[in-house]
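Just below is one structure, and these are the notes that go with it.
Laboratory data are not the source of any read-out in this text; all were calculated from the coordinates shown. This one's a predicted model, so the numbers in the text were calculated from it and none came from an experiment. Don't worry about glycine lacking a Cβ; one is built from the backbone with ideal geometry, like all the others, and counts go over all protein chains shown.
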Amino acid sequence: MISMNSNRLAVLTLFCVSLFALHPISPSDEIEQILTTQAQCWNEGDIEGFMQTYWNSEDLTFSGGGKTTRGWQATLDNYKKSYPKDKMGRLTFDGLEVTMLSEEAALVLGFWHLTMPPNKEGEADLKKDGNFSLVLRKLDGAWKIIHDHSSTKESEEQEKKADQ
């Protein structure tokens, strides 16, 4: 009985391995999964988990708001300062375009959308939207964001003022 179950398990394992070999996950799919993981961590209030998708190096760069921050820890500290756990809200990404630059480098363009709780009770949720470009490298077998350039879209009110 044990050997029959062992044989079935072996056959099932070989079948699963064969399926994976026939349909390997593409680098683009791997990268999109990283962004899905990022959003999940953010939405759970797990800023440290969110940051695991970034290269843990002093050479990491993050550009936004007219400034460039250098280093993983400095980027984490900026996120924590700008988004306290109770104000992180819900993050989504869409419009993803993954361009492979080589087998170990990629450029990702996309849009981010953040819905945060209101500042005061009775007010509407705060919404921010923007776009981003990411550069990722495969380091030690894992895709990591080595550069993030994120911009916030102006609100309709700000756009109207700029047009006047």
- Item | Long-range HN-HN contacts of residue 139 with modeled amide H, under 5 Å | 144
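For the range 76-114, which trypsin sites (Lys or Arg not before Pro) are both in a DSSP coil and crowded by at most 15 other Cβ atoms within 10 Å?
none
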- Evaluate the distance, in nm, between pseudo-label points positioned 7 Å from the Cα of residue 139 and of residue 70 along their respective Cα→Cβ axes. 1.5
- Once phi is turned into θ = phi - 60°, what whole-Hz ³J(HN,Hα) does the Karplus curve with 6.51, -1.76 and 1.60 give for every residue of the range 120-125, x standing for Gly and Pro? 10, 4, x, 7, 6, 4
- Rounded Å value of the spacing that divides the Cα centres of the range 93-107 and the range 30-44: 15
- Message: Can you compute the charge dipole magnitude of the range 26-163 about its Cα centre, using +1 on each Lys and Arg Cβ and -1 on each Asp and Glu Cβ, nothing else charged? Give it in debye, rounded to the nearest 20.
- Response: 460
- Item | the range 60-117: GluC sites (Glu not before Pro) in DSSP loop, at most 10 other beta carbons within 10 Å | 103
